[in-house]
Ligand SMILES: *Cc1c(COP(=O)(O)O)cnc(C)c1O
């Protein structure tokens, strides 16, 4: 399929929307990086996005990430694991550029064993008190970030959130604002973290207003996920 296909068009439209949101917020568009969420889409879709210039890809099933990583060798491609970490699947997650949803210190300890150059993680914040979705309660974030940063080889790069689904993307704003404020608390505790992973297809432009540095966009780039 040609590089100028619909996927490339959608990708360019997403990037343009992010750039516009960044400028509107007085931010440098280059400070907002796009993670193309390719879960459940075939490797061929990743190849097309890569051909169109996309370099960061996110997956949230550990085995799927492992299989795609082993099957693809595309220069400059960086993998992001955006799913919840499970101990028994940690072995599939070596070589990731970022682990976006770390919660437990024991998971970080397990993963860092497979990361000779160190492990870059973002701490998953449970912004809406939805324990079923996982994440660390806001009041526990600073202590957990400190505990993670104390693990040799682990670098706490920032925070990640996944607000509840809302009809109006603006309604996600308070959750993004809370995560941004928590990042300031983490920094005040002496941790050099400056990344925020937040925003998806429908609300990425809102997240950018609240300082998102990684936005995780799937559907708007790849279309509906195959079931
Ligand atoms: C699937 C997923 C996304 C992408 O969602 P879209 O609505 O398709 O953009 C982002 N973040 C996480 C954690 C996901 O699981």
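What is the spin-label model distance, in nm, from residue 150 to residue 78 if the labels are put 7 Å beyond Cα along the C-beta direction?
Here the answer is 2.9 nm between the modelled labels.
How would you rank 202, 56, going from fewest to most other Cβ atoms within 10 Å of each one's own Cβ?
With the fewest neighbours first, 202, 56 line up as 202, 56.
With an 8 Å Cα cut-off and a minimum separation of 6 or more residues, compute the relative contact order for the range 118-158 in percent.
Over the range 118-158, the number comes to 52 percent.
Can you give the extra length, in nm with one decimal, that the chain gains between residue 106 and residue 188 once fully stretched, where that is 0.36 nm per residue apart less the Cα-Cα distance?
Stretched out fully, the residue 106 to residue 188 stretch lengthens by 27.1 nm.
Explain nothing, just the number: relative contact order of the chain, from Cα pairs under 8 Å at least 6 residues apart, as a whole percent.
21 percent
Per-residue counts of other Cβ atoms within 10 Å, averaged by peptide: what ranking do you get for 205-212, 142-149, highest first?
My ranking of the peptides, most packed first, is 205-212, 142-149.
Mind sorting 167, 67, 203 by how few other Cβ atoms lie within 10 Å of their own Cβ, fewest first?
With the sparsest Cβ surroundings first, the list reads 167, 67, 203.
Over the range 73-206, calculate the relative contact order: mean separation of alpha carbon pairs under 8 Å at least 6 apart, over the residue count, as a percent.
Over the range 73-206, the number comes to 20 percent.
Rounded to whole Å, give me the distance from the Cα center of the range 69-122 to that of the range 29-53.
Cα centroid of the range 69-122 versus Cα centroid of the range 29-53: 18 Å apart.
Computed from the coordinates by the stated procedures, all read-outs in this text should not be read as laboratory data. As the structure is a prediction and not an experimental result, all values here were calculated from the model. Cβ atoms come from the backbone with ideal geometry, glycine included; neighbour counts cover every protein chain shown.
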